[in-house]
Amino acid sequence: MRFKKFMALCMTAAMVVSLAGCGGKESSGADTSDNDVSAEVTEAAADTGAEEEEAQPQVAPGKKGTIEFWTVFTGADGTSMQAMVDAYNATDPDYTVNHRAIEANDLYLKMPLAIQSGEDVPDVCINHVERVPLFEEQGFLVDYTDYLEGSPVSKDNYNPKAWAMTDLDGGHYGIPLDVHSYILYVNMDLYEKYGNGVLDDGVLTWDEVREVADACVADEIIPIGMAWLRVKFLASYAQLGGTLSTDGSTPDFNNETAVKVLENWVDLSNSGYCQKEGDDSWQMFLAGKVMFCPEGIWMYNNVKEAGLNAKMFDYPVFDAGTKGNWTSSHQFVLPKNDSRDEEKTMAVLDFINFMGNNSLEWAKAGQSPAHVSIKDVAEFQDMPQAFVADENEELKIYNYKYYGYAVEALDKVLGEVLFGRMTPQEALDQAVQETKDQIEMSE
């Protein structure tokens, strides 16, 4: 198999741009790493993961055994996930579920290694949707199709966009737990003073940011925060119809559309409308110093803890008629596992079905469950992220199989553009070339 060469030649380490997950301070559930990590970090990662796993309690087996469930939820969201697993185990199933939370970078190393060795392979895993196409191509995942026919799990019960993203090569390889989006937070107290009604239609354009920016700056308020740049780029780029690869393989995002996105940033930065380099825009937002601040829906607990009067809206747009939020999805996948027979696989599907029907707890962790049974629950409808569940075309989910290579390359250059050390075209050319180089080395 290509895996050994793939492991030996890939990047020296996974890119981590946050303390615990997506965007800087988010939950551990989001994926900021590259597609894989090098063989040089394998031993260290394995040692760290072993210590984490050893400390995690093991559930008592059910009448027929245990389902081993690996997730990337090592932060506060892990508490919510464990509560859901505990609720399932309290139903006295034939197979109880043993939840093992592993840092995302480690899980994406450990899962392929376990499959390759045939030892300690989990029965079901959480993968970010961007991971699924490459793992499927590499032969690490099992097709759900034959099992779905005899299962209560149905695509009609899930967000259609999140479900469709794992329809691959004539099979189906993921069942969505959620959709988690990068949206816009607005300090409503500052907006009342400086906003001049630009959000009356519920949509913020970049031109409207500029209309109100000077009044903010005059009072030492930052109009808009600019952090976790990869997803800001991808959200705007997708709104304009951009893709990471026209043919699904060769990266070609160094184009006029991408340049337009970055030129917009350069203008905002040069005009003094975003934070200075080195400043933490999210912490400044929580302190009441930023009016508009894009961040993840899962960050709302920070807002509540800060006592901030803030609301969520869709990510800013170039055209008020074309919305679009960068979005990912946590998906249940079936790793190839010779020891998991058909009976146990059907038990896994029953567990997944329970998790979908009982994912209000997941919404309390700041997420937007993908199961449609939650969408109309009154308690969920009162949550600020509920609007995401009603969106479909606004969810910009990338399924490019080399997504990890592309975003890791973008991470290296986007800040250079924002703060004037590279031109947009220089940065995009470098990122595309680096993505091509990593693809070549992995094959």
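The values are calculated or read from the model by the stated rules, or taken from the named source; none is laboratory data. A quick note: this is a predicted structure, and the numbers were derived from the prediction, not measured. Reconstructed Cβ throughout: ideal geometry from the backbone, glycine too, with neighbour counts over all protein chains shown. For accessibility, only protein heavy atoms count, side chains too; no ligands or nucleic acids. Shrake-Rupley method; radii C 1.70, N 1.55, O 1.52, S 1.80 Å.
Using the Karplus equation 6.51 cos²θ - 1.76 cosθ + 1.60 (θ = phi - 60°), what ³J(HN,Hα) coupling, rounded to whole Hz, does each residue of the range 61-77 give in order, writing x for Gly and Pro? Per residue, the Karplus-derived 3J(HN,Hα) values read x, x, 4, 10, x, 10, 9, 8, 10, 9, 9, 9, 9, 9, x, 4, 5 Hz. Pairs exceeding a 28 Å alpha-carbon distance, out of LYS193/LYS364; LYS155/LYS323; LYS161/LYS311; LYS155/LYS401; LYS323/LYS436: LYS193/LYS364; LYS323/LYS436. Extension gain, THR423-GLU277: 0.36 nm per intervening residue step, less the Cα-Cα distance, totals 50.9 nm.
The apolar share of the surface of the chain, taken as the fraction of accessible area on carbon and sulfur atoms (1.4 Å probe, ligands and nucleic acids excluded), comes to 46 percent.
Applying the Karplus relation 6.51 cos²θ - 1.76 cosθ + 1.60 with θ = phi - 60° to the range 100-112 yields 3J(HN,Hα) values of 10, 8, 10, 3, 3, 4, 5, 4, 6, 8, 5, 4, x Hz, where x marks Gly and Pro. Beta bridges assigned by DSSP with both partners in the chain are antiparallel in approximately 65 percent of cases.
Extension gain for ASP189-ASN357 works out to 56.8 nm (0.36 nm per residue, less the C-alpha to C-alpha distance). Accessible surface calculations at 1.4 Å, restricted to protein heavy atoms, place the chain at 39 Å² per residue. Taking amide H atoms as placed 1.01 Å from N in the peptide plane, the amide H of ASP178 lies under 5 Å from those of HIS330, ALA370, each 5 or more residues away in sequence or on another chain.
Here the gap between VAL266 and GLN58, fully extended at 0.36 nm per residue and compared with their Cα-Cα distance, gives a gain of 69.7 nm. Taking other residues whose beta carbon is less than 11 angstrom from the beta carbon of LYS289, and scoring Lys, Arg as +1 and Asp, Glu as -1, yields -4.
Considering only ASN98, ASN89, ASN270, the Gaussian network model of the chain with Cα springs below 10 Å gives its largest mean-square fluctuation to ASN270. Dimensions of the chain from C-alpha coordinates, computed as largest minus smallest value along each principal axis and given longest first, are 68, 50, 39 Å. Computing FRET efficiency as 1/(1 + (r/R0)^6) for ALA320 and ALA215, where r is the C-beta to C-beta distance and R0 is 22 Å, gives about 0.55.
Altogether, the Stokes-Einstein calculation at 4 °C and 1.567 mPa s, with the Kirkwood radius of the range 399-443 over Cα pairs as Rh, returns a diffusion coefficient of 121 µm²/s.
In this label model, ASP92 and ASP200 are separated by 6.2 nm, measuring between points 7 Å along each Cα→Cβ vector.
Taking a ≥ b ≥ c as the square roots of the eigenvalues of the alpha carbon gyration tensor, the range 94-222 is prolate, as a/c is not under 1.5 and a/b beats b/c. Note on GLN381 and GLU119: their simple-model spin labels are 5.4 nm apart, each label 7 Å out from Cα toward Cβ. Helical runs (DSSP H, four residues minimum) scored at -39500 (n - 2.57) apiece and divided by the length of the chain put the mean residue ellipticity at 222 nm at -12500 deg cm²/dmol. Is the shape of the range 269-399 rounded, prolate or oblate, going by the alpha carbon gyration tensor and its root eigenvalues a ≥ b ≥ c, with a/c under 1.5 for rounded and a/b larger than b/c for prolate? Since a/c reaches 1.5 and a/b is larger than b/c, the shape of the range 269-399 is classed as prolate. 3J(HN,Hα) couplings calculated from phi for the range 134-147 with the Karplus curve 6.51 cos²θ - 1.76 cosθ + 1.60 (θ = phi - 60°) are, in sequence order, 6, 4, 5, 4, 7, x, 8, 10, 9, 6, 6, 3, 5, 7 Hz; Gly and Pro show x. Averaging the sequence gap over all C-alpha pairs within less than 8 Å and six or more residues apart, then dividing by the number of residues, gives the chain a relative contact order of 24 percent. The Rg/Rh ratio of the range 161-290, with Rg taken over Cα atoms and Rh as the Kirkwood radius over Cα pairs, comes to 1.05. Evaluated over the Cα positions of the range 63-139, the convex hull gives a direction-averaged projected area, one quarter of its surface, of 5.6 nm².
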